[in-house]
Amino acid sequence: MSDLVRLAPGLLTVGKPLPWPVYDETGNLLVAQGYVIQNEWQLERLYERGMYEPPQRQAEKRRQDDATPRFSPFAEYSILLYELEQTLERIVNTDARASERLEHLARRIQNLCQQDADACIGLVHVYAVEPTAYEQTLFYAIICWLATYHFELDETRTLILLQAALTANITLLPYLDKLNNANRKLTDEQRRIIEKHPELSASALRKAGVNQQVLLAIVEQHHERFDGTGYPQGLSGDDILVEAKVLSLAERYTAMITKRAYRNRYRADHAMDEILASMAEDPHQIVYEAVFRQLTPYPPGVLVQLANGETGLVTHRRRSPRSPIAQAVFNAQGKRYLGPLRRDTSGQDYRVQHTLVPDVLPSLNLALMWGYG
């Protein structure tokens, strides 16, 4: 495979699923996407032998082969992250085609979600261990799409919300990874940046020629709160767009299921419960219903303990929200199966006992689990 290049130090992280497959020099697969490096020794071995296809090269191939009817969301993951970074850079640099690129990216995410929503939700939860700022941004868009599906918004409004989700933090992105990894109290400068970023992001979009007023309003309002305690304008009630509330919820939920320097990740169902409890006085409960009913208590991508002692990964939602389809990975004794075993958790033996949030995820062949292998 002539498109492969050597892995460079800093590309991989212990404990985090690989965003793409790794090959040896002859093109043979070493580890699939979703493999989790367990320790420093494994990390060094991969740096010694491993090669990968850079996302920019994958993106070029996709543009040449855009008529392919069905792409795997897992194969698209690193490409989307690359395209997101490039698109936001164009906006910051006021590129003449920035608005066009932004809409194109939003449309691609929409198409992937429409094609396989469960796999896209799976991306959010599998990669929420310790995501980069760009990964979090992609997660916001996927979660926002769930709400548009629930509300049955038309394509125009859907694309506007997805574009807002991708750009609302554009002026905060240079600081976001550092803020997420900080375990100290925010400085006055950091707080000022955070409180100003909705207006600054909207200003950056205007300068780049993105002029849809609803999109800009969503960006400006996505940190306002129903009771007037939000920022930057202290809006309340119906003065806040529903789409801005959806984006705010997507950001909050993503933050809670993500590891931070000062705390561990929340279980997905616990994050939903805590958000609902803290927002119980919000008269616009339909926003929370729109997102959480679509996610379900056991969303795709979370690890669960089954009644028979097996550990499984949820892969598909079902009409009954507490009875998803899972793929068993380990037996009751903790021994790994040779391949995933499909479990219908509506059955008594396989019902979900609770969600698991391990410090280090097991390695998972994501494409295979969702039927793309």
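The values are calculated or read from the model by the stated rules, or taken from the named source; none is laboratory data. Since we're looking at a predicted model, the values are computed, not measured. All Cβ positions, even for glycine, are placed from backbone atoms using ideal geometry, and neighbour counts span all protein chains on display. To get the accessible areas, we keep the full protein, side chains included, count just its heavy atoms, and leave off ligands, DNA and RNA. Shrake-Rupley method; radii C 1.70, N 1.55, O 1.52, S 1.80 Å.
In the elastic network of the chain, a GNM with C-alpha springs shorter than 10 Å, the most mobile of LEU43, LEU205, LEU123 is LEU43. Of the residues TYR175, TYR288, the one with the largest accessible area comes first in the ranking TYR175, TYR288, computed with a 1.4 Å probe on protein heavy atoms. Would you work out if the chain is rounded, prolate or oblate? Take a ≥ b ≥ c from the square roots of the eigenvalues of the alpha-carbon gyration tensor; rounded if a/c is under 1.5, else prolate when a/b is larger than b/c, oblate otherwise. Cα axes put the chain in the oblate bin. Determine the shape class of region 128-287: with a ≥ b ≥ c the square roots of the Cα gyration tensor eigenvalues, call it rounded for a/c under 1.5, and otherwise prolate if a/b is greater than b/c, oblate otherwise. Note, shape of region 128-287 comes out rounded. Summing charges over neighbours of GLY234, with a neighbour being any other residue whose Cβ is under 12 Å away from its Cβ, gives -3 when K and R count +1 and D and E count -1.
Each Cα pair under 8 Å and six or more residues apart adds its sequence gap; the mean of these over the residue count of the chain is a relative contact order of 16 percent.
Once the Cα-Cα distance is subtracted from the 0.36 nm per residue extended length, the ALA75 to ARG318 segment shows a gain of 85.0 nm. Highest GNM mean-square fluctuation among LEU295, LEU235, LEU313, for the chain modelled with Cα contacts below 10 Å: LEU235. The length gained by stretching the chain between LYS207 and ARG252 to full extension, at 0.36 nm per residue less their Cα-Cα distance, is 13.4 nm.
With a Cα cut-off of under 22 Å and a minimum spacing of 8 residues unless on different chains, the lysine pairs in the chain number 9.
If you run the Gaussian network model on the chain, springs between alpha carbon atoms under 10 Å, then out of GLN221, GLN163, GLN115 the most flexible one is GLN115.
Take the Cα of GLN38, step 7 Å toward its Cβ, do the same at THR156, and the gap between the two points is 5.5 nm.
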